[in-house]
Structures are given as structure tokens and as C-alpha cells.
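J.: Attaching a single structure in C-alpha cells format; questions to follow.
The values are calculated or read from the model by the stated rules, or taken from the named source; none is laboratory data. Predicted model only: the values in this text are computed from it and were never measured. Cβ placement follows ideal geometry from the backbone for every residue including glycine, while neighbour counts extend to all protein chains displayed.
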Amino acid sequence: MFISVIIPVLHETKINCFLSDLLEKKGKENLEIIVVDGDPTGSTLNLISDKRVIKLTSPKGRAIQQNKGAEKAVGDILLFLHADTLLPHGFVQLIGQAVFSGNSGGAFDLCIDSSHPFLKFVSRVASIRSRVTRIPYGDQAIFINRDLFLQINGFPEIPLMEDIALMRKVKKTRVGFKILPVKVVTSARKWIKDGMIYTGLRNPILAMFYYLGVSPRTLVKFYY
């Protein structure tokens, strides 16, 4: 099993710290790391010091950037990782166990990096929700068999809800998909910046409207 880690970025000034953590946790396992910059000047790519990292630019948009990375990837498993989400130690082995037990993909439980009781509650609810719905969000480090990803034509190139849209397509194939009982740690920066209560209400409300058929191009105006 060979994993391609695909990381969409935009103005990530701490990218080297993030990549150092990723490289340390992968240990001696063989995988490739692809960073896709949504800034055409490559402002984040220019900061990357590790020559092992594959660097790409694409038009801005998480779905577009992740599809671009998948086009370049050679791994049989694609791991889509946000640049503010830290993987657990042994993540390669954990993914391998999930795949070798018959699953075509999966994701991790969520932990928001904060001691605030509200964000601890949100983390717990997110982990439960993803198990019930079988639709994890992008900050849970979704991984998927490359052949399946190509079969369902990757991420729909929409400005918001691309993770939900991808997982809805995966669900329709009825393949095995496992939510691992190990947490990734995602930054609380967006929650703090936008306001915890506001963000906690905004995200599920926008997701609900998406499920009801409202266009992501309409919803993105309210997100930002």
C-alpha cells in the first residue's frame, strides 16, 4: 500500500512546522506528500524547505486543489489533509489496517485543539455524527482508494461542501468505509476567529440548506 497525502493550502505561513510534524509521524513508511497552492504566485510553496514535497499550484478552491493533487498522485490510497489538521502517530498503519480489512476508505475521529468546553462538545458531536451518517467532514482527514476516487470523478468542483458532496457519492457505491476510533487534531483558529457560537450554528445550518438543495455558490456567500 502506498499513500499519497494531498494538502490544499492558501497563505499557510506555518507550513514547515506542519510538514515536519507529518514527516515525523509517518516514521519510515514510504509515502508521497503533495502540497497544492491556491495562490498562483505559490506564496506557501515558496516557504517549503523539504525537497521531498511535491509542489503544485492550481486555481483557488479546496475541491479544485484536491483534484489537482489527485491527478498527480501515484498512491493507491489518497489521503486528503487540511493544513491545520495533525494526524495521529502511526496513521499509516491505521489506514493500512482499515484498507486491508476490506474498506475502500475512511476518516478519523475529530478533536478540535482547544480546552474550551463548547469545542470539546463540538468535537464529540462531530465524531458521533460522522459515524451515524457515514459522512465525515474534510477536517477528519478523509482517505479513499484511488480507483474509487477516479470512478466517482473526484470532488465536485464547488466552492463549499465539497467534502459532503464527495462522501455522498461514496455512500452511493455502498463500499466499506470506516471511521477510525483515533483522533486527528484540528486547529481552533477558525472557530476563534469567526466566533465559537456563531461558527457552531453556521456550519450545521449551511449543511442543512445544502442537503435541502441550496446551491453551494449561494451558501458560500453566507459562509464568508
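J.: Filter segment 19-43 for residues that are out of contact with any Lys or Arg (no Cβ under 9 Å at 6 or more places or on another chain) and in a loop (DSSP other than H, G, I, E, B); which is surrounded by the fewest Cβ atoms within 10 Å (Cβ to Cβ)?
T.: Lys28
J.: Would you be able to say whether some residue in segment 2-17 is touching a residue at least 24 places away in the same chain (Cβ under 8 Å), in contact with a Gly (Cβ under 8 Å, 6 or more places away or on another chain) and polar (S, T, N, Q)?
T.: yes
The rows are residues; the columns are (1) modelled with pLDDT of 95 or more; (2) under 15 Å from the mean Cα position of the chain (by Cα); (3) under 27 Å from Ile205 (Cβ atoms); (4) not β-branched (Val, Ile, Thr).
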position	(1), (2), (3), (4)
Ile142	yes, yes, yes, no
Asp147	yes, no, no, yes
Met167	yes, yes, yes, yes
Thr173	yes, no, no, no
Gly176	yes, no, no, yes
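Here is a yes/no grid of residues against (1) in contact with a strand residue (DSSP E or B) (Cβ under 6 Å, 6 or more places away or on another chain); (2) of a type outside the set (Ser, Thr, Tyr); (3) more than 17 Å from Ile135 (Cβ to Cβ):
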| residue | (1), (2), (3) |
| --- | --- |
| Val74 | no, yes, yes |
| Leu81 | yes, yes, yes |
| Leu86 | yes, yes, yes |
| Ala107 | yes, yes, no |
| Leu119 | yes, yes, yes |
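J.: Right, here's the next one. Mind checking whether some residue in segment 206-215 is in contact with an Asp or Glu (Cβ under 8 Å, 6 or more places away or on another chain) and either in a loop (DSSP other than H, G, I, E, B) or under 25 Å from Val92 (Cα atoms) (or both)?
T.: Checked segment 206-215: no residue is in contact with an Asp or Glu (Cβ under 8 Å, 6 or more places away or on another chain) and either in a loop (DSSP other than H, G, I, E, B) or under 25 Å from Val92 (Cα atoms) (or both).
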